[in-house]
Amino acid sequence: MSTATPYPYDTRLNVLHKPLELIDEKALSDAAPHKWYNQTLCQVNASVVRVGVIQGEYHWHKHDDDDEFFYVVEGKLLIDLEGRVVELQPRQGFVVPKGVLHRTRAPQRTVILMFENAGIAPRGISSSAWSRPRYGLSIIQALLMVVTSP
């Protein structure tokens, strides 16, 4: 395993958009100020949709109580698991189940969408103070609506 290159993680947990507001992921991604930028776009029931603009490596971590869904908008995302690497191209997604040690990497600038419970802090720490309902079909449908709309 290689050592992660230190990039500043710009993680913004505030919910940027309320229901019925247009979300312009491209404009937000194009204006990302750092090589590793994570912004919560909206809340869908007890889950959140986050956009990530990433380049480089994140640290190894796991979420004991929560699954995590990654969807690539542009670029290439590598998800390191113990004993295997999953490579995602644009319009591909992957669920990392709860309790699985993982690390995300992007060899070039990559834009991703993440669906996770609002209690997951995108630092590899799961908040026990918040409820953790599981993903439902409505979350996946919302993702596809955001990604495939013209």
Ordered by residue, what ³J(HN,Hα) values in Hz, to whole numbers, does the stretch 104-117 give under the Karplus form 6.51 cos²θ - 1.76 cosθ + 1.60, where θ = phi - 60° and Gly and Pro are x? 9, 9, 9, x, 9, 3, 9, 10, 10, 10, 10, 10, 7, 4
Would you mind checking the stretch 7-35 for residues with the amide N under 20 Å from a putative spin-label position 7 Å along Cα→C-beta of residue 85? 7
Going Cα to Cα from residue 98, which lysines come in below 22 Å? Please leave out same-chain ones fewer than 8 positions away. 62
Give the cross-link partners of residue 35 among the lysines, using a straight C-alpha distance below 18 Å as the criterion and excluding same-chain residues fewer than 8 apart. 26, 76
FRET efficiency for residue 22 and residue 78, using Cβ-Cβ distance with R0 set to 41 Å, rounded to 0.05: 0.85
Tally Lys and Arg at +1 and Asp and Glu at -1 over the other residues with C-beta under 11 Å from the C-beta of residue 96: what net charge comes out? -2
Where does each of 23-32, 70-79 land if you order them by average Cβ count within 10 Å, highest first? 70-79, 23-32
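Every number here is computed from the coordinates shown, using simple stated rules; none is lab data. Given the structure is predicted, the values throughout are model-derived calculations rather than measurements. Because the Cβ atoms are built from the backbone with ideal geometry, glycine has one as well, and the counts that use them run over all protein chains shown.
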